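The values are calculated or read from the model by the stated rules, or taken from the named source; none is laboratory data. Keep in mind it's a predicted model, so treat the numbers as computed, not measured. Here the Cβ positions follow ideal geometry from the backbone for every residue, glycine too, while neighbour counts run over all protein chains shown.
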Amino acid sequence: LQTALFNFQSLLLVILLLICTSAYLHQLMPAILDRNKEGVRGIFWKCARIGERLSPYISLCCVLMAASTLSPVASVRSLSLAEIPRS
C-alpha cells in the first residue's frame, strides 16, 4: 500500500494541486482566505500566495507533472512485481 507521503511523485502532485486550488479559490473569494492567515487554515493562504507569485513556474511544473504522469515510461515504472505478467 503506497500513499502520497511515501511516493515522491504523488507528494509533488498533491502539493501542486493544493497550490493551484488555493490560488484559484483566492481569486474567486479573497475574503475567505485573507481572514485566515494564521494557524492551520493559513496554509491555504500561503499556498495561494505561492501560486500567485510563482504562477509561471507552477504552470511549468503542472505541465511537466502531467507529461510524466501520462508518459508510458511512468506507467511501466509504477507497476509492482506482482502485476507484471509471467509467461
Inset, instruction - Kindly indicate the residue of the stretch 36-49 that is within 18 Å of the chain's Cα centre (by Cα) and among the small types (Gly, Ala, Ser) and also surrounded by the most Cβ atoms within 10 Å (Cβ to Cβ) among those meeting that condition. - result: Ala48
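Residue-by-condition table, conditions (1) in contact with a helix residue (DSSP H, G or I) (Cβ under 8 Å, 6 or more places away or on another chain); (2) surrounded by 13 or more Cβ atoms within 10 Å (Cβ to Cβ); (3) modelled with pLDDT of 85 or more:
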| residue | (1), (2), (3) |
| --- | --- |
| Leu13 | yes, yes, yes |
| Gly51 | yes, yes, yes |
| Leu54 | no, yes, yes |
| Leu60 | no, no, yes |
| Ala67 | no, no, yes |
